[in-house]
1. When you look at G191, is it at positive phi and in contact (Cβ under 8 Å) with a residue 24 or more places away in the chain, yes or no?
2. Which pairs turn up if I take residues in region 293-310 that are within 13 Å of P163 (Cβ to Cβ) and look for partners that are aromatic (F, W, Y) with beta carbon separation below 7 Å, at least 6 apart in sequence or on another chain?
3. What helices (runs of 4 or more DSSP H) completely inside region 132-249 contain at least 3 residues that are more than 30 Å from E105 (Cβ to Cβ) and open to solvent by 40 Å² or more (accessible area, probe 1.4 Å)?
4. Would you tally the residues in region 58-79 being crowded, with 16+ Cβ neighbours inside 10 Å, out of contact with any Phe, Trp or Tyr (no Cβ under 7 Å at 6 or more places or on another chain), part of a helix (DSSP H, G or I) and not basic (K, R)?
5. State yes or no: is E176 within 30 Å of I287 (Cβ to Cβ) and at pLDDT 90 or above?
6. So the check is Cβ under 7 Å with 6+ separation or different chains; which pairs have a first residue in region 314-326 that's of a type in the set (A, V, I, L, M) and a second one that's part of a strand (DSSP E or B) and open to solvent by less than 40 Å² (accessible area, probe 1.4 Å)?
7. Any idea which residue in region 270-322 is surrounded by the most Cβ atoms within 10 Å (Cβ to Cβ), counting only those that are hydroxyl-bearing (S, T, Y), in contact with a helix residue (DSSP H, G or I) (Cβ under 8 Å, 6 or more places away or on another chain) and more than 28 Å from V147 (Cβ to Cβ)?
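The values are calculated or read from the model by the stated rules, or taken from the named source; none is laboratory data. Just so it is clear, the structure is predicted and the values come from calculations on it, not from any experiment. As a convention, Cβ positions derive from the backbone with ideal geometry for all residues, glycine included, and neighbour counts pool all protein chains shown. What goes into the accessible areas is simple: the full protein's heavy atoms, side chains included, and nothing from ligands, DNA or RNA. Shrake-Rupley method; radii C 1.70, N 1.55, O 1.52, S 1.80 Å.
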Amino acid sequence: MKIANMLFLCLLLAGAVTLSAQDLGKETRVDSVLASVNGDPITLLDVMLESSREELRLASLYSGARLYSEISQLRKKITEDIIVRKLIYAKYQEKPFPIDNQYIERMLDHLAVTIGGGSRDSLVKKAEALGTTMEELKEKAKEKIAVDIMMAESCDRPVYVTPKEVYEYYQKNRSEWITPASYKLELLLVGRNGGRSGPDPKVACGKLSKQLKNGSKELFVQMVKANSDAPNAESGGAVGAVDEDKLRPEFAKVVKTMRPGQIQGPLETPEGYYFIRLDSIQKQKEIPYEKAAGQISKRLEDRQKEQLRKAYGEKLKEQALIRYYF
């Protein structure tokens, strides 16, 4: 691996760089090798195809060193998941079974929503920016589907959680069933180094402030799509509901004073200037046992299945040659 690629990879894994769609477009190909499984490489591209949406969510929750740490942990976890997936896919290739093309197309539709802004055309452009092709994405989709099927057959045997276990969990973890106040947000980012809204971010912020004053949701979404430098610009800047205690500090001070429908900004951050629209507020509430029981039962079942999957993956890894390059 070239020294330049190694330095770039180290920065990414340390969380020191969070790439936007524009940044990715400037790279010839995001293909730094993070690991290999029996000689089959796992690249940064493989990881980012699965991490991009979650990284965007993390950027709305954290900043600075905490954000870097969270992204690093996320990418390492996804790397480990891909290692196991490749080992299972190798078993599938020994005795392959047909996978209907409609399932692959559904997976691509999901990718179009998560990283392509909702359309296939946008997904094609994002794929090109990442240095890959739709054919490669189809192959990755097929691999994931095959692995999910094999994993389900090998690990997802029926598990049983007793009512006593469910009730005891609720009593020991009462704080989990107090839903904190949350804020549903939409964000518009003006990049610090200039971007879609012009070379001078302060001038751009001045213009946007006037245009967004007392603006509607429809106007805000339109302005995001036309001006935002964030990766989720094509989807209107929505980041969903964020718990009060997870708001990044720059946003928390402002959001807690806002009313639904109100727009505030620009707020200065390390990556640029944000305009925030508060869509709605969900007040804190306690979930009674009767309503929580079903969720707890499913959570405990999923936990048991996850333990079975983890044990299966570890067994496969023991028999494989795995190398890490970070």
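1. no
2. The qualifying pairs are I296/Y169; I296/Y170; L300/Y169.
3. So the answer is 163-172, 201-212, 217-227.
4. Residues in region 58-79 being crowded, with 16+ Cβ neighbours inside 10 Å, out of contact with any Phe, Trp or Tyr (no Cβ under 7 Å at 6 or more places or on another chain), part of a helix (DSSP H, G or I) and not basic (K, R): 11 in total.
5. no
6. A320/V37; I322/A35; I322/V37
7. Result: Y274.
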